[in-house]
Amino acid sequence: MEPKKKAGYGFDWYFPPLGQRIVKTTVAVLICLVIYALRGYRGIEMPTEAAITAIICMQPYASDTAIFARDRFTGTLIGAFWGLLFLLLLLLFPGLGKAAILYPLMALGVLVSLYSAVVMRRMDASSLAAIVFICVVIAYPEIEEPLQQAFHRIIDVMVGTTVAICVNIFRFPREKRRDQVFFMRTRDLVPDQLAQISSNVLFRLNYLVNDGARVCLMSEHAPAFFLSQMSAVRLNTPLIVMDGAAIYDAQENTYLWTENLKEDSSRWLMERLEKMNVSFFIYTVRNHRTCIFHQGNVTRGEKIVYERMRRSPYRHYLDGDSFDLREIVYVKVIAPHMDAEAVIRALEKELPQQNLRWAVRRQPGLSSSVGLYFYAEGAHMEHAEKELMAMLQKDQPTLEPIEVFSNTGYRTEHDAVHLMHVLSKKYEPLKWTVLWENRKQQRKRRGEKE
């Protein structure tokens with residue numbers, strides 16, 4: 001979804017679909033307000049603690065809501081206890097009710113509430129304890145009986161936590177699509193090949209994979225980039241790497257399939273690049289490892305890339321020409337923008353005849369240079385996707401491919417998080433949505449037969 005900019009200010013307006021947490025929080029607040037309305041509360045007399053508690057306790061998952069509810073209730077008991085003692089102290093010593101003494105004492109009560117939660121090893125409940133303490137004592141001297149005041153605050157919090165838990169436990173009937181393979185591009189999840197996947201996106205992705213979603217991540221780069229930037233991702237499906245030139249099983253550290261350059265095309269490309277005095281990297285796969293050979297003089301940009309990449313245990317940089325032309329998966333040139341354009345102009349007319357395709361990508365950390373990649377003509381994502389599906393369907397013939405792509409790519413983290421929401425809805429759609437889609441397909445089949 002494209003962001004909408006507000007003219008003159010440069011702000012990005014982001015309008016994602018309403019999430020379940022937002023809807024459930026709204027419903028929980030409505031229920032709290034209705035409960036107190038039925039009890040006869042109106043206007044300024046309407047207690048807000050229950051609604052506030054429901055908002056705070058509502059989390060993406062019911063288990064998290066239970067944890068927040070426990071902390072909220074613990075903090076309430078601590079704050080209500082010290083609030084009750086504070087009010088009793090004021091009743092016993094009315095002279096403490098003067099403003100010069102009262103407000104410093106309230107601040108001291110906040111300190112005691114916070115410290116009590118820390119002593120009880122309930123750090124997450126400390127701020128809630130202080131809030132409840134203030135809610136109990138702030139209206140002094142216009143308060144009800146101290147015990148009644150504290151009791152009402154406890155009841156309010158219990159109402160809010162109970163409503164939040166009940167609403168979050170409720171789930172519309174959904175159907176998990178374990179008969180589908182979801183294809184996602186890594187460039188939609190991270191800004192570039194050197195960046196680490198964010199913890200928020202990682203949590204959501206691993207949650208879906210652990211639940212049974214079959215997710216295939218597709219990368220333009222060699223497996224080493226994925227294994228370094230997404231090492232914490234739990235995979236259950238092989239990767240499509242090298243811009244569709246290979247399929248890699250990260251669990252077994254093996255290449256399942258590669259689309260190599262033809263021997264004649266490799267020889268032609270290397271000869272042309274050498275004549276133009278252009279240095280380049282040759283990427284081959286040998287014994288299920290990425291082996292990289294360098295040809296020509298090492299440029300400054302190549303030296304920077306080499307020093308950055310050679311530390312990876314998943315790639316091997318080798319010297320010399322000890323490779324088979326039939327092993328080459330792709331050839332990479334790192335050059336300034338103008339030089340890369342000159343190389344493309346010199347080769348562009350003959351590339352289709354050699355069954356080659358090329359791609360240009362920016363190089364993180366090298367603002368003045370780009371990467372120029374040469375692949376076999378048949379090495380692309382769509383072809384690799386079909387090859388992978390053929391492999392997977394041997395064991396499970398009913399599998400179907402589903403693409404979960406972003407139209408705009410990664411801009412900020414919330415774009416990646418939004419894409420994970422899209423994946424979640426595709427993996428676990430509402431049951432009546434699935435039934436409606438099945439009926440539409442049945443009608444279509446009937447119409448085709450007729």
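The values are calculated or read from the model by the stated rules, or taken from the named source; none is laboratory data. Computed from a prediction, not measured in an experiment: that's the story for all the values here. Positions of Cβ are generated from backbone atoms using ideal geometry, with glycine treated the same way; all protein chains shown enter the neighbour counts. Just so you know, the surface numbers come from the protein's heavy atoms only, side chains and all, with ligands and any DNA or RNA stripped out. Shrake-Rupley method; radii C 1.70, N 1.55, O 1.52, S 1.80 Å.
Some observations on this one:
- Checklist (1) open to solvent by 40 Å² or more (accessible area, probe 1.4 Å); (2) of a type outside the set (Asp, Glu); (3) within 30 Å of residue 250 (Cα to Cα); (4) in contact (Cβ under 8 Å) with a residue 60 or more places away in the chain applied to residue 207, failing item: (4)
- The residues on offer are 232, 164, 213, and the sole one that is over 21 Å from residue 426 (Cα atoms) and touching a residue at least 60 places away in the same chain (Cβ under 8 Å) is 164.
- Sole exception among (1) in contact with a strand residue (DSSP E or B) (Cβ under 7 Å, 6 or more places away or on another chain); (2) open to solvent by less than 10 Å² (accessible area, probe 1.4 Å); (3) of a type in the set (Gly, Ala, Ser) for residue 250, by number: (2)
- Selection within segment 214-249 - over 24 Å from residue 373 (Cβ atoms) and more than 15 Å from the chain's Cα centre (by Cα): 214, 236, 237
- Condition met for residue 300 (open to solvent by 50 Å² or more (accessible area, probe 1.4 Å), modelled with pLDDT of 85 or more, over 29 Å from residue 254 (Cα atoms) and not aromatic (Phe, Trp, Tyr)): no
- Close pairs (6 angstrom Cβ cut-off, 6 or more residues apart or separate chains): under 16 Å from residue 104 (Cβ atoms) in segment 81-93, open to solvent by 80 Å² or more (accessible area, probe 1.4 Å) and among the aromatic types (Phe, Trp, Tyr) anywhere: none
- If you check 83, 19, 75 for being modelled with pLDDT under 80 and at negative phi, only one passes: 19.
- The residue list 185, 153 contains one member that is at pLDDT below 90, of a type outside the set (A, V, I, L, M) and open to solvent by less than 70 Å² (accessible area, probe 1.4 Å), which is 153.
- Near pairs, Cβ below 8 angstrom, 6+ apart or cross-chain, from segment 97-124 (under 16 Å from residue 141 (Cα atoms)) to any residue that is open to solvent by 50 Å² or more (accessible area, probe 1.4 Å) and outside any helix (DSSP H, G or I): 97/141; 106/138
- Looking only at segment 112-148, and only at residues there that are among the hydroxyl-bearing types (Ser, Thr, Tyr) and surrounded by fewer than 20 Cβ atoms within 10 Å (Cβ to Cβ), the one that is modelled with the lowest pLDDT: 140
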